[in-house]
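Accompanying notes for the structure given below.
The values are calculated or read from the model by the stated rules, or taken from the named source; none is laboratory data. Everything numeric here is computed off the predicted structure, so don't read it as measured data. Here the Cβ positions follow ideal geometry from the backbone for every residue, glycine too, while neighbour counts run over all protein chains shown.
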């Protein structure tokens, strides 16, 4: 994003990027453990933050700095990793990740925002499904009813 380093949009964008990096880094070399659904939920939340700031920056007249190539998701989120969860939700996730990668090579902040929004929705659906599967299998404690 091209903005003065001390602008509110630049500061918010930097903060959003930090949250995104932390969420992605949590998936790198992560074991297939009970924290998987929480990592997916955190990724969804980080993608929502990214989408919001991209829309705000677009409204303020900024452009996206295009990336040279689409980034691959961390190993834990790639098909060959043995990822848990419903295959149809993973297909939606893979499509959203690919779309975000394509959008990231352009300068269109709205397209990047849409990519993050799609990824956020797909990751949220996966987080819920994996949480249900892990609770049913005993990997996560059963939810208490109030």
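The residues in region 96-138 that are in contact with a helix residue (DSSP H, G or I) (Cβ under 8 Å, 6 or more places away or on another chain) and closer than 19 Å to residue 41 by Cα can be counted, and the count is 23. Based on this model, can you work out whether residue 99 counts as touching a residue at least 24 places away in the same chain (Cβ under 8 Å) and within 29 Å of residue 11 (Cβ to Cβ)? Criteria not met by residue 99. From the list 135, 145, 106, pick out the single residue that is in a helix (DSSP H, G or I), more than 18 Å from residue 26 (Cα to Cα) and modelled with pLDDT under 95. Within the list 135, 145, 106, the selection yields 135. For the list (1) assigned to a helix (DSSP H, G or I); (2) modelled with pLDDT of 90 or more, I need the number of the one condition that residue 24 fails. Exception for residue 24: condition (2). The residue that is nearest to the chain's Cα centre (by Cα), among those in region 67-80 that are part of a helix (DSSP H, G or I) and touching a residue at least 24 places away in the same chain (Cβ under 8 Å), is 77. Of the residues making up region 82-90, at least one is modelled with pLDDT of 90 or more and under 16 Å from the mean Cα position of the chain (by Cα). Considered as a group, the residues in region 51-65 that are surrounded by fewer than 13 Cβ atoms within 10 Å (Cβ to Cβ) and on the phi < 0 side of the Ramachandran plot include one that is nearest to the chain's Cα centre (by Cα), and that residue is 65. If only residues of region 27-66 that are under 17 Å from residue 140 (Cβ atoms) and not in a helix (DSSP H, G or I) are counted, the one that is modelled with the highest pLDDT is 35. Residue check: is residue 94 out of contact with any strand residue (DSSP E or B) (no Cβ under 6 Å at 6 or more places or on another chain), buried (at least 18 other Cβ atoms within 10 Å of the Cβ) and over 22 Å from residue 9 (Cα atoms)? Considered against the rule, which asks whether it is out of contact with any strand residue (DSSP E or B) (no Cβ under 6 Å at 6 or more places or on another chain), buried (at least 18 other Cβ atoms within 10 Å of the Cβ) and over 22 Å from residue 9 (Cα atoms), residue 94 comes out as no.
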